[in-house]
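The values are calculated or read from the model by the stated rules, or taken from the named source; none is laboratory data. Since the structure is predicted, the reported quantities are computational estimates derived from the model, not experimental observations. Positions of Cβ are backbone-derived with ideal geometry, glycine not excepted, and every protein chain shown enters the neighbour counts. In case anyone asks, the SASA skips ligands and DNA or RNA and just uses the protein heavy atoms, side chains included. Shrake-Rupley method; radii C 1.70, N 1.55, O 1.52, S 1.80 Å.
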Amino acid sequence: MALLKPNEPRFMTAEQAAQRKGYRGQAELALRSSLEAFCRERWPEARVCHEMVMGEGRVRADVVAVNPAHIAAFEVKGEYDETTRLLHQVGMYQLCVPEVWMVVPVGRHADDARVLRHLLPSVGLLVGAGTSARNHYEFDGKDFGLVVEAEPTPRPVHVDMMLEMLWRDELAAACDRLRVSRGKKDRRSDMIAGLKALPVAELQEAVCFELRRRDALWRADPPVTVQSLVSAGVHRDG
């Protein structure tokens, strides 16, 4: 397999993926739908989001489950997608969030994912299988599901990369809530430098707090309100 690709294709949003016709679009949507169900069963409290930018804006995770204090990112490769960027994508996700998965159909993509797990054994693997003789999918939803072939091993994040996931206003809100100086000009670099002095677990919780309440034009569960976050004990009194 080719692990790296010299040219980077343009991003495709979840909405654009949903508009694709025929087997190509249905293949990815079958995986995404089953993945959403997997996330909701495993993490009932999670806010499930699609197409979340991370890795300093260089990559976009297909699906992300944001819990009150934990984040899991998933890269989905449908039957007709290429896997040439998969190593780069999951590697970047691992810098930003503690738990990363690959989601692929049976066949050649699953074989590629197993090779990548030889390099990155901490990455989990979900394999989708159905009844279609050609591409292993049954598009009406019957006899299709995801099988956990390998559980991930959560890893410590790179703190700078995790904090880079937040927008500037979110960084400012996190600084105020955690009583960290923003600096004189509210520069991202100054806010990130100040926040880095706090324990990683506390910062991860703060990032989850902001991502769960982010109001963005993306395909995602509704924002989790501040009131519900406070009642859950996530908010820190100012």
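Rounded to the nearest 20 debye, the dipole magnitude of the range 55-209 is 660 debye, with +1 charges on Lys and Arg beta carbons, -1 on Asp and Glu beta carbons, and the Cα centre as origin.
Shape verdict for the range 155-213, please, from the Cα gyration tensor: rounded (a/c under 1.5), prolate (a/b greater than b/c) or oblate.
Numbers: a/c = 1.56, a/b = 1.34, b/c = 1.16.
Verdict is prolate for the range 155-213.
Classify the range 62-134: rounded, prolate or oblate, from the alpha-carbon gyration tensor (a ≥ b ≥ c, eigenvalue square roots; a/c under 1.5 rounded; otherwise prolate if a/b is larger than b/c)? Judged from the Cα gyration tensor, the range 62-134 comes out prolate (a/c at least 1.5, a/b above b/c). Only Cα pairs under 8 Å and 6+ residues apart enter the sum, and on that basis the relative contact order of the range 77-119 stands at 46 percent. Normalised per residue, the accessible area of the range 45-126 is 28 Å², obtained with a 1.4 Å probe and no contribution from ligands, DNA or RNA.
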